[in-house]
Amino acid sequence: MKMLKSTLAIVSAAAVLGVSGFAQAGATLDAVQKKGFVQCGVSDGLPGFSVPDATGKIVGIDADYCRAVAAAVFGDATKVKFSQLNAKERFTALQSGEIDILSRNTTMTSSRDSGMGLKFPGFITYYDGIGFLVNSKTLGVKSAKELDGATICIQAGTTTELNVSDYFRGNGLKYTPITFDTSDESAKSLESGRCDVLTSDKSQLYAQRSKLATPNDYTVLPETISKEPLGPVVRNGDDEWLAIVRWTGYAMLNAEEAGITSKNVEAEAKGTKNPDVARLLGTDGEYGKDLKVKKDWVVQIVKQVGNYGEVFEKNLGKDTPLAIDRGLNALWNNGGIQYAPPVR
Ligand SMILES: N[C@@H](CCC(=O)N[C@@H](CS)C(=O)NCC(=O)O)C(=O)O
């Protein structure tokens with residue numbers, strides 16, 4: 001009887017874990033291969049990160065990350081379906097198994113990485129930080145320190161809520177928060193003057209500003225008040241899937257560092273004399289096999305999606321409406337902190 005009870009306890013615990021989305025090692029890759037696509041959770045619409053273009057295709061660095069994972073798994077970057085999620089919905093969608101990866105401008109924090117049945121593979125798609133966007137014509141402030149008494153638009157379910165509260169308390173300033181479920185609602189409220197300030201990750205402030213009717217009237221204040229390392233998230237307990245998602249990003253960074261681009265990757269795969277490049281591109285060794293992906297996984301990622309720098313420039317760089325500098329997101333040997341462990 002005692003044994004039966006404990007067996008029942010284990011079975012019901014397993015059922016609960018199943019329901020709450022803890023994955024078993026290998027389960028996600030198996031399921032993805034069976035259905036033939038990666039289900040990717042992205043934002044509701046954030047230029048540069050994930051937003052539908054005129055044809056309805058979701059474009060942006062977060063969407064491309066999922067395409068790169070599909071290129072690694074299937075050799076085909078188009079084998080992705082997207083779920084558009086707001087900040088409040090995103091973690092439940094991953095926990096419940098509705099999506100395979102969350103790639104939605106999500107900050108890695110200890111509580112999200114440990115207390116929620118989720119894991120950040122650790123690849124940081126974009127090093128960000130919270131800032132403030134103001135209408136420089138109507139609110140003549142040059143620094144966040146001058147925001148005492150301001151009404152501030154914030155998105156619910158984000159790290160922004162807590163970080164802004166810390167900043168104002170820490171600096172002895174008062175503010176009135178107005179929270180919204182979507183960033184479009186926040187942006188509209190800034191435009192209508194309902195709030196004096198819009199706060200969010202700085203990359204998103206540039207993205208939001210690019211969508212306003214008169215972007216040049218708005219300024220991002222110089223302060224960055226928090227660390228917001230944004231990256232993909234997977235369910236806890238499936239190390240195999242976590243490794244694929246993690247090494248997809250590292251492969252893209254290593255390709256950039258080695259000068260491998262979407263244009264030259266095939267020629268390099270055939271003709272390289274550089275041992276690092278030969279390993280990275282699967283000409284030498286079986287590094288894809290360890291990850292349970294094909295030998296040419298990196299060739300497919302870079303050919304079909306691009307190296308990290310190409311993806312950054314295409315979605316966020318100087319030729320886009322966002323015109324964001326590489327800054328912290330430059331490679332470690334070029335003034336930034338993007339540093340990938342080697343494929344070997
Ligand atoms: N990085 C922060 C903020 C993420 C976030 O959701 N930001 C909003 C503010 S711009 C957003 O992405 N909105 C787009 C949407 O509603 O889909 C976090 O992980 O909590």
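The values are calculated or read from the model by the stated rules, or taken from the named source; none is laboratory data. Since we're looking at a predicted model, the values are computed, not measured. Positions of Cβ are backbone-derived with ideal geometry, glycine not excepted, and every protein chain shown enters the neighbour counts. Keep in mind that these areas ignore ligands, DNA and RNA; they rest on the heavy atoms of the full protein, side chains included. Shrake-Rupley method; radii C 1.70, N 1.55, O 1.52, S 1.80 Å.
Roughly what angle does helix 183-192 make with the longest principal axis of the chain, taking Cα atoms, 0 to 90 degrees, to the nearest 10? On a 0 to 90 degree scale, this one is about 20. Across the chain, the relative contact order, built from alpha-carbon pairs under 8 Å that are at least six residues apart, equals 22 percent. Solvent exposure of the chain, expressed per residue, is 45 Å² of accessible area, with all protein chains present and a 1.4 angstrom probe. Close amide H partners of residue 106, meaning residues 5 or more places away or on another chain with modelled amide H under 5 Å apart, are 231. One chain, two ends: residue 325 and residue 156. Fully extended at 0.36 nm per residue, the span grows by 58.1 nm beyond their Cα-Cα distance.
Can you tell me the dipole magnitude for the chain around its Cα centre, using point charges on the Cβ only (Lys, Arg +1; Asp, Glu -1), in Debye to the nearest 20?
I would put it at about 580 debye.
Each principal axis of the Cα atoms in the range 199-287 has its own extent, and those three values, largest first, are 53, 37, 22 angstrom. Pairs 145/188; 34/81; 273/318; 35/292; 263/289; 263/295: which are spaced more than 22 Å apart, C-alpha to C-alpha? The pairs that break the limit, which is 22 Å between Cα atoms, are 145/188; 273/318; 263/289. Where does the Debye-calculated log10 I(q)/I(0) of the range 130-226 sit at q = 0.12, 0.14 Å⁻¹, using only Cα point scatterers of equal weight, no solvent? One equal scatterer on each Cα of the range 130-226 leads to -0.30, -0.42.
Pairwise Cα separations in the range 27-174 fall into 10 Å bins from 0 onward with the following percentages, short to long: 10, 33, 30, 17, 8, 2.
First compute the accessible area of the chain with a 1.4 Å probe, then give the percent of it belonging to carbon and sulfur atoms.
Summing carbon and sulfur atoms, their accessible area is 53 percent of the total for the chain.
Its DSSP H runs of at least 4 residues, each contributing -39,500 (n - 2.57), put the calculated 222 nm mean residue ellipticity of the chain at -11500 deg cm²/dmol, to the nearest 500.
Over the chain, the fraction of Cα-Cα pairs per 10 Å bin, rounded to whole percents and listed from the shortest bin up, is 6, 24, 30, 22, 12, 5, 1, 0.
Between the range 188-209 and the range 162-176, the C-alpha centres lie 17 angstrom from each other.
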